[in-house]
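Structure first, then comments.
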Amino acid sequence: MLPALHDTGSGEAVLFLHAFTLDASQWDHQVAALSDHLRCVRADLWGCGASPPPPEGEPTLDAFAAAVLAALDSRNIERVAVVGLSMGGYLAFALWRLAPQRISALVLCNTRATADAAGSRDERLAMAEQVEREQSVESIVEPMVERLLSPGAQAEAHIVDPVRGRIRRCTPAGIAFAQRAIAARPDSTALLASITVPALVIAGAKDAVIPTSEVLAIADGIPGARYVELDCGHVSNLEVPRAVNEQIAGFLIPARMAP
């Protein structure tokens, strides 16, 4: 089952992978800034945005990564730079495990290489059961807003209201699939040394979900990776879109002036 794939612009292809509880529209700012120079492709996780419900079977990020590769094949896209934030970063690691030859560069934002600790896994599984039991995502909207955004961003309606809307565009089945798949993901720390493509790693100084030390560990583990720390919370591309756009543009299209 192929996920929804949004495809804008022309040039070298860049695959954007969204964070947990959001959807591909998370990357609207980046598409607006970069699609004159890059082909911006965004995938919705199953059960989120415009994607169909999750398939039957054990939820894994590898299964979704394989489906994303098949969706790229359907668009005749052979090789991509991959930009992933949080869960999108976990998916980027899954893609590297499955098909490293198809990745030309990596941008890893507000993510970690390690697997969940036991307590975090338990919390994920509890949320999956909660939304399935309630058949609604409404009870997780405000708690997720508080986790995803820094206090300053939460006071900005133009930032926080779209985040609420994106969470509500995820179905209970989509949230449950994501949480169970993330909880089951392997530790990717040993994978870092094998990443031979150019890599940019972005952290948020006010990130309440993933400490900067864990993001820096990714940059330290990838040979030659560039590390940048921005003044923002977990969803850096929504809180400081201009800064993230400049970093991605400078990294992926260095011959052009960053927007």
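Farther than 27 Å from Thr60 by Cβ and of a type in the set (S, T, N, Q): is that true of Ser188 in this structure?
Taking the combined requirement at face value, the residue does not satisfy it.
I'd like to verify a number: residues in region 147-159 that are in a helix (DSSP H, G or I) and over 18 Å from the mean Cα position of the chain (by Cα), how many? Write out each step before concluding.
Let us first name the residues in region 147-159 that are in a helix (DSSP H, G or I), namely 147-148, 151-154, 157-159.
Checking the rest, the ones that are also over 18 Å from the mean Cα position of the chain (by Cα) come to 151-154, 157-158.
Residues flagged as in a helix (DSSP H, G or I) and over 18 Å from the mean Cα position of the chain (by Cα) within region 147-159 amount to 6.
Residues of region 196-239 being more than 29 Å from Pro143 (Cβ to Cβ), part of a helix (DSSP H, G or I) and without any contact (Cβ under 8 Å) to a residue 60 or more places away in the chain, which ones?
Passing the criteria: Ala219, Asp220.
Taking into account only those residues within region 167-179 that are within 16 Å of the chain's Cα centre (by Cα) and not in a loop (DSSP other than H, G, I, E, B), which is surrounded by the most Cβ atoms within 10 Å (Cβ to Cβ)?
Ala178
Being in a helix (DSSP H, G or I) and farther than 23 Å from Ile253 by Cα is the requirement here; does Gly88 meet it?
no
In the set Ala203, Ala255, Ala225, which member is modelled with pLDDT under 95 and among the hydrophobic types (A, V, I, L, M, F, W, C)?
Step by step, each of Ala203, Ala255, Ala225 is checked, and only Ala255 is modelled with pLDDT under 95 and among the hydrophobic types (A, V, I, L, M, F, W, C).
Conditions tested, residue by residue: (1) more than 22 Å from Ser10 (Cα to Cα); (2) hydrophobic (A, V, I, L, M, F, W, C); (3) part of a loop (DSSP other than H, G, I, E, B).
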| site | (1), (2), (3) |
| --- | --- |
| Gly57 | yes, no, yes |
| Ala66 | yes, yes, no |
| Ala71 | no, yes, no |
| Trp96 | yes, yes, no |
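Within region 29-39, take every residue that is surrounded by fewer than 18 Cβ atoms within 10 Å (Cβ to Cβ) and of a type outside the set (A, V, I, L, M) and give me the one that is nearest to Gly174 (Cα to Cα).
Taking the candidates together, the pick is His29.
Yes or no: region 99-118 includes at least one residue that is over 21 Å from Asp62 (Cα atoms) and of a type outside the set (Asp, Glu).
No.
Going by the conditions given, is Glu78 under 22 Å from Ile195 (Cβ atoms), outside any helix (DSSP H, G or I) and touching a residue at least 24 places away in the same chain (Cβ under 8 Å)?
Yes.
Show the residue pairs that are 6+ apart or on different chains and have beta-carbon atoms under 9 Å apart, the first residue being within region 103-125 and more than 20 Å from Gly224 (Cβ to Cβ) and at pLDDT 95 or above, the second being surrounded by 14 or more Cβ atoms within 10 Å (Cβ to Cβ) and of a type in the set (Lys, Arg).
Taking only residues 6 or more apart or on different chains, the pairs are Ala115/Arg121; Ala115/Arg185; Asp116/Arg124; Asp116/Arg185; Arg124/Arg180; Leu125/Arg180.
Could you figure out which of (1) more than 15 Å from the chain's Cα centre (by Cα); (2) under 21 Å from Asp122 (Cβ atoms) isn't true of Tyr227?
(2)
For the list (1) surrounded by 14 or more Cβ atoms within 10 Å (Cβ to Cβ); (2) under 21 Å from Leu95 (Cα atoms), I need the number of the one condition that Met127 fails.
(2)
Do we have Pro143 as surrounded by fewer than 17 Cβ atoms within 10 Å (Cβ to Cβ), over 16 Å from the mean Cα position of the chain (by Cα) and free of Cβ contacts under 8 Å to residues at least 12 places away in the same chain here? So that I can check it myself, show each step before the final result.
Numbers: surrounded by fewer than 17 Cβ atoms within 10 Å (Cβ to Cβ): yes; over 16 Å from the mean Cα position of the chain (by Cα): yes; free of Cβ contacts under 8 Å to residues at least 12 places away in the same chain: yes.
The answer is yes for Pro143.
The values are calculated or read from the model by the stated rules, or taken from the named source; none is laboratory data. Here the structure is a predicted model, which means the values were calculated and not measured. Every residue, glycine among them, receives a Cβ derived from its backbone with ideal geometry; neighbour counts consider all protein chains shown.
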